[in-house]
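A.B. asks: The structure's right below; bear with me while I get my questions together.
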Amino acid sequence: MIGRRAFLTGAGAGAAAVVVGFDPLGGGWVTRAEAAARPERSSFARVPELDGELALDAASRDAVTTDLGNIVHQRPRAVLRPGSVRDVSRMVRFCREHRVPVAPRGQAHTTYGQGLADGLVIEMRSLRRIHALTADRAEVDAGIHWMELAKAAFARTPRRTPPVLTGYTQLTVGGTLSVGGIGGIVGGLDSGLQVDHVRELEVVTGTGEVVRCSRRRRSDLFDAVLGGLGQCGIITKAVLDLVPAKERARTYLLGYDDNARFFRDLRILIERPGIDHVYAEFTSAGTSPTYTIHATVFHEPAAPPKDGPLLAGVSATPEIQDTGYLEYVFSIDTLIDEVRATQGWDRLVKPWFDVWLPGETVERYLGDVLKTLTPKDIGPLGAGLLYPQRRSEKGRPLPRVPEAGASPWMFVIDINTVAEGPDVEPGYVAEMLARNERLYARTRDEYGGTLYPIGSVPMTARDWRAHFGDVWPKLRAAKRRYDPDGVLTPGQGVFGHRD
Ligand SMILES: Cc1cc2nc3c(=O)[nH]c(=O)nc-3n(C[C@H](O)[C@H](O)[C@H](O)COP(=O)(O)OP(=O)(O)OC[C@H]3O[C@@H](n4cnc5c(N)ncnc54)[C@H](O)[C@@H]3O)c2cc1C
């Protein structure tokens with residue numbers, strides 16, 4: 001028989017355990033040694049043959065018990081490192097049969113247990129090949145990092161780039177497409193979200209079926225998976241748009257200490273032809289918050305940007321940073337890599353808060369909310385961030401954004417709180433989660449905002465229904481069709497797992 005690739009688990013000194021089955025009665029995986037020792041327990045179901053590994057050892061399971069937030073902890077019973085899409089399909093089918101919850105795990109950079117499960121965690125990073133790279137598209141495995149794709153596309157002749165890139169790029173394609181993917185460093189103004197640049201997906205549904213879907217083919221699945229929080233399928237491959245990349249980036253840094261002047265200049269810059277990307281940072285230094293706009297122009301070396309016309313009417317004096325395109329694209333990665341190496345970033349508690357605001361209320365919102373924040377609400381390693389998005393460029397039903405109004409703009413606001421050290425004072429997490437609940441209720445009820453579900457806001461199934469609004473019936477229908485036994489991605493709590 002072609003080898004059942006051993007699921008080596010390294011349990012115990014020198015001993016390697018091979019998983020051969022799942023005991024539906026005991027609810028546990030069975031190793032070959034256990035099966036041999038207790039031949040009378042023949043009730044265990046045989047796991048399918050795999051190209052990759054199914055690990056049961058403590059180290060593999062411990063490594064996936066939490067996410068970047070370090071708030072929720074859940075230990076899975078097994079970890080799959082798929083060697084192929086077939087492995088994902090076979091194990092989902094198997095888990096469904098035995099009612100074992102399954103969570104795909106990208107880089108696990110959400111902060112409230114969204115990708116955890118007590119059943120099977122699938123490490124999507126095992127699948128990270130670029131299958132095709134042409135002048136206008138790339139076909140990639142879902143476990144690839146955007147950084148890896150950006151480097152490969154830029155190395156091509158002529159140079160290419162994904163039209164939208166998240167601020168931090170060591171995130172998986174499958175992970176950000178499941179939440180939406182706003183253009184933290186590239187795109188955003190007039191380019192929509194990452195989900196707006198997907199031509200086709202390969203998805204393993206909750207029944208284990210492998211389906212290719214697009215706007216025209218199985219569009220109900222396509223609509224339910226992009227921005228769909230892993231509820232209806234596991235993205236295994238994506239065909240993504242690529243666009244021409246310029247060689248250089250010039251960034252104007254503009255500082256403010258009052259809300260009104262900051263927003264006046266922000267509105268000028270987001271409408272200014274020639275500006276390719278804008279985001280802003282804010283702090284909560286007691287009663288006098290500060291704001292910094294980062295406005296960037298991509299260009300060829302022979303045609304540098306004309307600073308005067310680009311900044312006409314702007315009241316702040318700019319500091320100018322000139323870099324190569326990729327140096328700019330990876331600037332947040334450079335910062336995070338630094339705090340990861342020096343401050344133990346991965347282990348710090350991060351009760352993040354992330355919402356969309358309509359253009360009509362964002363100025364009032366930020367002014368009001370910043371008055372309520374203390375320095376602890378962001379922390380020395382945290383950040384307050386604002387990302388503009390032209391509403392007309394967002395074309396997908398998900399993620400949910402605020403209702404349309406008079407303004408053509410919407411904004412993502414992040415209050416990315418980071419605790420000062422790995423050991424937080426008692427009550428810190430509860431205090432921050434209560435703050436997030438309070439802020440979310442205010443954002444939604446007073447300012448017409450919606451949740452951007454990457455952070456740490458406790459949500460009941462009822463909250464989710466309200467959040468999805470008129471998209472809810474379609475999402476629920478897709479869930480019933482594609483994950484009828486509700487095994488996929490329980491950590492989100494969308495269909496009640498967390499109630
Ligand atoms: C420093 C930093 C900067 C960020 N900047 C941005 C930004 O600019 N724009 C932005 O939009 N977001 C940003 N984010 C948030 C980020 O997009 C989300 O946290 C995203 O989920 C991270 O991708 P991941 O690979 O870590 O996914 P995970 O956290 O591993 O997964 C997210 C969810 O999707 C599910 N999932 C994972 N893979 C798949 C798959 N293949 N198919 C189906 N479901 C899957 C998981 O189970 C989980 O529920 C940032 C996060 C960090 C830490």
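The values are calculated or read from the model by the stated rules, or taken from the named source; none is laboratory data. Keep in mind it's a predicted model, so treat the numbers as computed, not measured. Cβ coordinates were reconstructed from backbone atoms using ideal geometry, including for glycine residues, and neighbour counts include every protein chain displayed. Ligands, DNA and RNA are excluded from the accessible area calculation, which covers all protein heavy atoms including side chains. Shrake-Rupley method; radii C 1.70, N 1.55, O 1.52, S 1.80 Å.
A.B. asks: Does the stretch 274-375 classify as rounded, prolate or oblate by the C-alpha gyration tensor (a ≥ b ≥ c root eigenvalues; a/c under 1.5 gives rounded; else a/b over b/c gives prolate, otherwise oblate)?
C.D. replies: Oblate.
A.B. asks: Taking 30 Å as R0, compute the FRET efficiency from the Cβ-Cβ separation of Ala135 and Asp220 and round it to 0.05.
C.D. replies: 0.45
A.B. asks: To continue, here is another question. What is the distance in Å between the Cα centroid of the stretch 428-499 and that of the stretch 133-159?
C.D. replies: 32
A.B. asks: Quick one: grab the alpha carbon gyration tensor of the stretch 132-289, order the square roots of its eigenvalues as a ≥ b ≥ c, and give me rounded if a/c is under 1.5, else prolate or oblate depending on whether a/b is larger than b/c.
C.D. replies: Numbers: a/c = 2.49, a/b = 1.65, b/c = 1.50.
Prolate, since a/c reaches 1.5 and a/b exceeds b/c.
A.B. asks: What are the ³J(HN,Hα) couplings of the stretch 171-177, residue after residue, when phi is run through the Karplus curve with 6.51, -1.76, 1.60 and θ = phi - 60°? Round to Hz, x for glycine and proline.
C.D. replies: Calculated HN-Hα couplings, in order: 10, 7, 4, x, x, 6, 5 Hz.
A.B. asks: At what distance in nm do the modelled label points of Arg438 and Arg156 sit from each other, each positioned 7 Å from its Cα along Cα→Cβ?
C.D. replies: For the pair Arg438/Arg156, the computed spacing is 5.0 nm.
A.B. asks: OK, next. If you fit an axis through the alpha-carbon atoms of helix 472-482 and take the longest principal axis of the Cα set of the chain, what angle between them do you get, 0 to 90°, nearest 10?
C.D. replies: 30
A.B. asks: Can you give me the long-range amide H partners of Thr161? Hydrogens built in the peptide plane at 1.01 Å from N, cutoff under 5 Å, separation of 5 or more residues or another chain.
C.D. replies: Counting only residues 5 or more places away or on other chains, the set is Val243, Ala245.
A.B. asks: Kindly express, to the nearest 10 degrees and within the range 0 to 90, the angle between helix 259-271's C-alpha long axis and the longest C-alpha principal axis of the chain.
C.D. replies: Value to nearest ten degrees: 80.
A.B. asks: If you don't mind, there's one more thing I want to ask. Tell me the angle of helix 331-343 to the major Cα principal axis of the chain, expressed in degrees between 0 and 90 and rounded to the nearest ten.
C.D. replies: It is inclined by approximately 60 degrees.
A.B. asks: Taking amide H atoms as placed 1.01 Å from N in the peptide plane, list the residues 5 or more away in sequence, or in a different chain, whose amide H sits under 5 Å from that of Asp67.
C.D. replies: Val72, Gly113
A.B. asks: Next up: Treat every Asp and Glu Cβ in the stretch 19-125 as -1 and every Lys and Arg Cβ as +1, leave all other atoms uncharged, and give the resulting dipole magnitude about the Cα centre to the nearest 20 debye.
C.D. replies: Numbers: 15 positive and 13 negative charges, 42 e Å.
Here the stretch 19-125 has a charge dipole of around 200 debye.
A.B. asks: Would you work out the relative contact order for the stretch 19-125, in percent, from Cα pairs under 8 angstrom that are 6 or more residues apart?
C.D. replies: With pairs under 8 Å counted, the relative contact order is 26 percent.
A.B. asks: Compute the label zone of Lys246 within the stretch 328-345: residues whose backbone N is under 14 Å from the point 7 Å along Cα-to-Cβ.
C.D. replies: Under cut-off, by backbone N: 328-329.
A.B. asks: Can you bin the stretch 232-322 into rounded, prolate or oblate? Criterion: square roots of the alpha carbon gyration tensor eigenvalues sorted a ≥ b ≥ c, rounded for a/c under 1.5, prolate for a/b above b/c, oblate for the rest.
C.D. replies: It comes out oblate by the Cα gyration axes.
A.B. asks: Hey, can you rank 373-380, 104-111 by average C-beta count inside 10 Å, highest first?
C.D. replies: The most tightly packed comes first, giving 104-111, 373-380.
A.B. asks: What number comes out for accessible area per residue over the stretch 19-125 if the probe is 1.4 Å? Units Å², please.
C.D. replies: 39
A.B. asks: Let me ask another. Please give the length that would be gained between Glu209 and Glu431 if that part of the chain were fully extended, namely 0.36 nm times their separation in residues minus their C-alpha to C-alpha distance (nm, one decimal). Let's see the in-between values first.
C.D. replies: Values: separation 222, 0.36 × 222 = 79.92 nm, distance 4.27 nm.
Taking Glu209 through Glu431 to full extension adds about 75.7 nm, to one decimal.
A.B. asks: Could you please state how large a percent of the accessible area of the chain is carbon and sulfur, counting protein chains only and using a 1.4 Å probe?
C.D. replies: That fraction is 52 percent.
A.B. asks: On alpha carbon coordinates alone, what is the Rg over Rh value for the stretch 248-462, Rh being the Kirkwood radius? Mind dumping the intermediate values first?
C.D. replies: Numbers: Rg = 18.0 Å, Rh = 18.5 Å.
Radius of gyration over Kirkwood radius for the stretch 248-462 works out to 0.97.
A.B. asks: Would you mind pulling out the separation of the Cα centroids of the stretch 296-341 and the stretch 216-258, in Å?
C.D. replies: Centre-to-centre (Cα) distance: 21 Å.
A.B. asks: While we're on this one: Measuring from label point to label point, each 7 Å out along Cα→Cβ, what is the Thr323 to His73 span in nm?
C.D. replies: 3.6
A.B. asks: Roughly how big is the chain's charge dipole about its Cα centre, with Cβ charges of +1 (Lys, Arg) and -1 (Asp, Glu), in debye to the nearest 20?
C.D. replies: The calculation lands at about 1720 debye.
A.B. asks: Give the long-range amide H neighbours of Thr236: residues separated by 5 or more places, or on another chain, with amide H under 5 Å away, using H modelled in the peptide plane at 1.01 Å from N.
C.D. replies: Glu202, Val203, Val204
A.B. asks: Further question: How big is the Rg/Rh ratio for the chain, C-alpha atoms only, Rh by Kirkwood, two decimals?
C.D. replies: Rounded to two decimals, Rg over Rh is 0.98.
A.B. asks: What does the accessible area per residue of the stretch 388-499 come to in Å², with a 1.4 Å probe and no ligands, DNA or RNA counted?
C.D. replies: Counting only protein heavy atoms, the per-residue value for the stretch 388-499 is 43 Å².
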